[in-house]
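Here the structure comes first, spelled out in structure tokens, and everything after it is commentary.
The values are calculated or read from the model by the stated rules, or taken from the named source; none is laboratory data. Values in this document were obtained by computation on a predicted structure and should not be read as measured data. Neighbour counts run over all protein chains shown; Cβ positions are idealised from the backbone, glycine included. Areas reflect the complete protein model, heavy atoms only, side chains present, ligands, DNA and RNA absent. Shrake-Rupley method; radii C 1.70, N 1.55, O 1.52, S 1.80 Å.
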Amino acid sequence: MVTVLSFSPVPGPLLHQWLAAQLGATALRVVADDELVAAGRDQAYAGAEVALGDYTFRGHVDMLLLDKMPKLKFLQQPSAGYQHIDLAACRARGVLVANTPGVNAAAVAEHTIMIALASLKRLIYANAATHTGQWGQHELMWERGVFELMGKTWGIVGFGAVGREVAKRLAAFGVNMMYFDLQRQTPEEESAAQVTYKPLDHLLRLADIVSLHVPLTEQTRGFIGARELGLMKFQAILINVARGECVDEHALADRLRTKKLGGAGIDVFSQEPISRDHPLLALDNAILTPHIAGATNEVRERVVRMAVANLVQFLQGRPPQHVLNAG
């Protein structure tokens, strides 16, 4: 009997159904962490050989947790992000960790461009004002300004799966695209994607719109701070659909409050759910969404399919895909 423990808020019977549909008669016990009572949690942890991670990132997978799970051999994280997992600790304990990369790339790219268009077109203000019966045409045209995306310079920071999907969609808008990534593309790849490489500081100085698509690492934590924001144009727009910790939120709020940045679109925050006293909440030049860029119905279906298929692959004795800590 193999025990699978789910840290995600997915009902245990539903996960069992998904796995059993592909594993057939394999003896399987599925336990959902949030359905356990305190008295039974240690026993469930001790017996788990396979685990489905938590896509809400509520709990950390570290040595303290691994000490409670001596039989654990494989952890499947049902998301692209995995910053809550200590990969080195898992490797030291012989626990393979896999994620579901790329499944949300198209959704996040769409959300990114949506935020840019909404900001340029003053959509949030125009919609709210019109709903109250105000006719804000004159104010929007002559005071706030309504702008086109065509002809703008867009800086893509992080040219992985999401960054490439953003570039693919932006090509139709007639924008000048630059990118920064620690791993530069080949000249042929840059030409095919219609992007030009720039060092980060140069990109920040030149871009009308900057979008962030980097993982959270020690190198990217807080890497857009007061200095970097100070390099950007006063009318520039910063979009963060990466991780909240990548941006100094207080420094960003200061730039927006003093009108030294044109706008911001933020889908991720250093603390989630966002606190009621967060400095960005009071600013009308910031478009805020509750970490939903990659949370479409279609993405959730793809995540489930990929995560379950990888769990099945491991349970059948085959090497899992997308392992993050091999070697």
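The table below lists the values:
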read-out: Extension reserve of the Lys121-Val146 stretch, reckoned as 0.36 nm per residue once the Cα distance is removed; value: 8.5 nm
read-out: Only Lys, Arg (+1) and Asp, Glu (-1) charged, at Cβ; the range 58-212 dipole about Cα centre in debye; value: 500 debye
read-out: Largest to smallest accessible area among Trp18, Trp135, Trp154, Trp142 [probe 1.4 Å]; value: Trp135, Trp142, Trp18, Trp154
read-out: Virtual spin-label span in nm between Lys73 and Val37, 7 Å along Cα→Cβ; value: 3.2 nm
read-out: Only Lys, Arg (+1) and Asp, Glu (-1) charged, at Cβ; the range 122-186 dipole about Cα centre in debye; value: 240 debye
read-out: Set of aspartates and glutamates with alpha-carbon distance to Lys71 below 13 Å, sequence-local pairs under 8 removed; value: Asp42, Glu49
read-out: Accessible area of the range 1-65 belonging to carbon and sulfur atoms, whole % at 1.4 Å probe; value: 58 percent
read-out: Counted charge near Leu96, where neighbours are those whose Cβ lies closer than 13 Å (Asp, Glu -1; Lys, Arg +1); value: +3
read-out: Axial C-alpha extent at least 20 Å, average Kyte-Doolittle at least 0.0 - helices from the chain (DSSP); value: 105-120, 297-315
read-out: Long-range amide H partners of Ile287 with built H, under 5 Å; value: Ala264, Gly265, Ile266
read-out: Cβ-defined net charge surrounding Leu52, 15 Å radius [Lys, Arg +1; Asp, Glu -1]; value: 0
read-out: Accessible area, probe 1.4 Å, largest first, for residues Asp33, Asp86; value: Asp86, Asp33
read-out: Karplus 3J(HN,Hα) series, Hz, for the range 148-157 with 6.51 cos²θ - 1.76 cosθ + 1.60 (x for Gly, Pro); value: 8, 7, 4, x, 6, 9, 10, x, 9, 9
read-out: Positive-end extreme of charge dipole, the chain - chosen from Leu5, Ile124, Gln219 (charges on Cβ); value: Gln219
read-out: Charged-residue dipole, Cβ positions (Lys, Arg, Asp, Glu), the chain about Cα centre, Debye nearest 20; value: 280 debye
read-out: Phi-based couplings in Hz for the range 272-283 (Karplus 6.51, -1.76, 1.60; Gly and Pro marked x); value: 10, x, 5, 6, 5, 9, 4, x, 7, 5, 8, 9
read-out: Exceeding the 20 Å Cα-Cα cut-off - candidates Lys198/Lys260; Lys198/Lys259; Lys168/Lys259; Lys152/Lys260; Lys121/Lys198; value: Lys198/Lys260; Lys198/Lys259; Lys168/Lys259; Lys121/Lys198
read-out: Net charge of Cβ neighbours under 12 Å - reference Leu206; Lys, Arg +1; Asp, Glu -1; value: +2
read-out: Gaussian network model of the chain, springs between alpha carbon atoms under 10 Å - residue of Tyr45, Tyr179, Tyr82 with greatest fluctuation; value: Tyr45
read-out: GNM top mover of Glu110, Glu165, Glu189 - the chain, alpha-carbon springs below 10 Å; value: Glu189
read-out: CD proxy at 222 nm, helix term only [per DSSP H run n ≥ 4: -39500 (n - 2.57); per residue of the chain; nearest 500]; value: -10500 deg cm²/dmol
read-out: Residues whose placed amide H lies under 5 Å from that of Asn325, excluding near-sequence neighbours; value: Val97
read-out: Part-to-part distance (alpha-carbon centres) for the range 105-130 and the range 17-53, which is given in Å; value: 41 Å
read-out: Among Ala27, Ala193, Ala107, residue whose mean-square fluctuation peaks in a GNM of the chain (springs only between Cα atoms under 10 Å); value: Ala27
read-out: Which of Thr289, Val97, Met178, positive extreme of dipole for the chain (C-beta unit charges); value: Met178
read-out: Three-way shape call for the chain based on the alpha-carbon gyration tensor, with the a/c threshold at 1.5; value: prolate
